[in-house]
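Notes follow once the structure below has been shown.
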Amino acid sequence: MAKDRPVIPVAEPLLDGRELEYVTDCVQSGWISSLGKYVRDFEENFAAYCGVQFGVATFNGTVALHLLMASLNLGPGDEVIMPSLTYVATANAVQYTGATPIFVDSERETWNIDPTAVVEAINPRTKAIIAVHLYGHPADMDPLQAVANEYQVVLIEDAAEAHGARYKGRRVGGLSDAAIFSFYGNKIITTGEGGVIVTNNRAWAERAFFLENQGRYADNPYWHSEVAYNYRMTNIQAAIGLAQLERIEEMITIRRRNAAHYSRRLADLPGLSLPPNMAWAENVYWMYSVLVEDEFGLERDEVRTRLWAAGIETRPFFYPVHALPMYNTGQSLPVAEELGRRGINLPSGATLTPEQIDLVCDTLASLTA
Ligand SMILES: Cc1ncc(COP(=O)(O)O)c(C=O)c1O
């Protein structure tokens, strides 16, 4: 029987720390817009968590990316290389500036941008490379950094989906010239809607702060010398974010424990490929994702339909962006296309119980029987 509401959702926020206390403080004190102590605290603490100096909070992850692209001064004629297999926001943020997103293929082993494909795409118009840490697993940053150094282009991380993930022991967000995160309600930590830029580059951080404040000069607030934005995070968002940040290690532990449970149960099921977990990586499993291979005997969408009938919500992988109508480049990027066709995000949130994971695994097993 089809259900209107899933019994097991893909992800729900866990908000039982000090969120209510901090939000109540905002309401009682009247500091509900973007001025207020929580925004600065959240920026500083989140940047420190990533091991970098500066944080600029925004009202979502998409505008964090746009603001970063604008702060890098990108415009028409510039190119930015990115994986095609990403959320559409990565491409849109570049497009907003008038620069051109250039899509490359992914690696089958990591599901992330293929550094050899980046080398093939790079040219004198390239200004930046964006590595996306897809579904919580870090991209292979060293080869990307080597290419960025050789061609003198900026390396950016889109870490929207990978708070706290590590590459060779170091946290994402501090592995490149600048990074962004999203704090949407289903993310590892959330502010409802929210985002942040983190960087060690003071000039970019100051520029981002200036541009997200409508191009405001502190000593002459209504004199504007360029068209800018209001992209600020509110104090209420940051209050939730600060309470979430206090528990980020717990949130990650829950997701990694759930992933280990899934992997134990699904390892022997024929026709399912489990998420990447490279020796050099600590996957935080924002999503626990599997690929439905031919041997499974059912198409990915049929698997999703049958899971839904059992009350289990899932998400398909992203369509590779090069195939979407507004970008439609006519490229063939076989790995991204195959991953996009085969991938399913299973229920992955921090509120998931062991019994629910067992139900998902039992249901998957029953489909192959
Ligand atoms: C890879 C990636 N980049 C950017 C974003 C944009 O973040 P937001 O939804 O907060 O605008 C997301 C959002 O989920 C994402 O997954």
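Assorted remarks:
- The range 220-274 - accessible surface per residue (Å², probe 1.4 Å): 51
- The mean sequence separation of alpha-carbon pairs under 8 Å and at least six residues apart, normalised by the residue count of the range 27-120, gives a relative contact order of 20 percent.
- Value at 222 nm in deg cm²/dmol, rounded to 500, when DSSP H runs of n ≥ 4 in the chain each add -39,500 (n - 2.57): -11500 deg cm²/dmol
- The share of accessible area on the range 35-104 that comes from carbon and sulfur is 51 percent, using a 1.4 angstrom probe.
- DSSP-defined beta bridges in the range 1-145 - what % are antiparallel, rounded to 5: 10
- Taking the chain as a Gaussian network of alpha-carbon nodes connected by springs under 10 Å, the highest mean-square fluctuation of the residues MET82, MET141, MET287 belongs to MET141.
- A simple count of charges around ILE254, restricted to other residues whose Cβ falls under 13 Å of its Cβ and scoring Lys, Arg +1 and Asp, Glu -1, yields 0.
- Surface per residue (accessible, 1.4 Å probe) for the range 107-178, Å²: 34
- Taking 0.36 nm per residue of separation and subtracting the Cα-Cα distance, full extension of the segment from GLU299 to SER366 would add 22.6 nm.
- In degrees, nearest ten, helix 202-212 long axis to first principal axis of the chain (Cα): 90
- Using the Cβ of PRO276 as centre and a radius below 12 Å, the other residues enclosed give a net charge of -3, where K and R count +1 and D and E count -1.
- Expressed as a whole percent, the accessible surface of the range 304-369 that belongs to carbon and sulfur atoms is 55, based on a 1.4 Å probe.
- Cα→Cβ-extended label distance, 7 Å offset, between GLU206 and ARG341, nm: 5.2
- Most mobile listed residue (ALA89, ALA218, ALA47) in the chain, GNM with C-alpha springs under 10 Å: ALA218
- Residues whose placed amide H lies under 5 Å from that of GLY185, excluding near-sequence neighbours: GLY192
- For the chain, the pair-distance distribution built from all alpha carbon pairs, in bins 20 Å wide starting at 0, is 29, 57, 13, 0 percent.
- The chain: antiparallel DSSP beta bridges as a percent of all, rounded to 5: 60
- Rel. contact order, % - alpha carbon contacts under 8 angstrom, at least six apart, the range 155-291: 24
- Taking the C-alpha atoms only, the angle from helix 235-245 to the longest principal axis of the chain is near 50 degrees.
- Helix 300-309 axis, angle to the chain major axis (alpha carbon atoms, nearest 10°): 80
- The distance linking the range 105-163 with the range 258-300 is 23 Å (Cα centroid to Cα centroid, whole angstrom).
- Percent RCO, i.e. relative contact order, over the range 1-160, from Cα pairs under 8 Å lying at least 6 residues apart: 16
- Potential extension, SER29-LYS168 segment - 0.36 nm per residue separation minus Cα distance: 45.7 nm
- Just checking the listed ones, SER289, SER84, SER273: in the Gaussian network model of the chain with Cα springs under 10 Å, the one fluctuating most is SER273.
- Fully extending the segment from ASP16 to GLU250 would add 83.0 nm, taking 0.36 nm per residue of separation and subtracting the current Cα-Cα distance.
- Here the accessible area of the range 149-260 is 49 percent carbon and sulfur, with a 1.4 angstrom probe and all protein chains present.
- Accessible solvent surface per residue of the range 7-89, calculated while the other protein chains remain in place, 1.4 angstrom probe, Å²: 43
- FRET efficiency for the GLN214 to ASP358 pair, using the beta carbon distance and R₀ = 45 Å, is estimated at 0.30.
The values are calculated or read from the model by the stated rules, or taken from the named source; none is laboratory data. Not measured: the values here are computed from a predicted model. Reconstructed Cβ throughout: ideal geometry from the backbone, glycine too, with neighbour counts over all protein chains shown. With ligands, DNA and RNA removed, areas are computed over all heavy atoms of the protein, side chains included. Shrake-Rupley method; radii C 1.70, N 1.55, O 1.52, S 1.80 Å.
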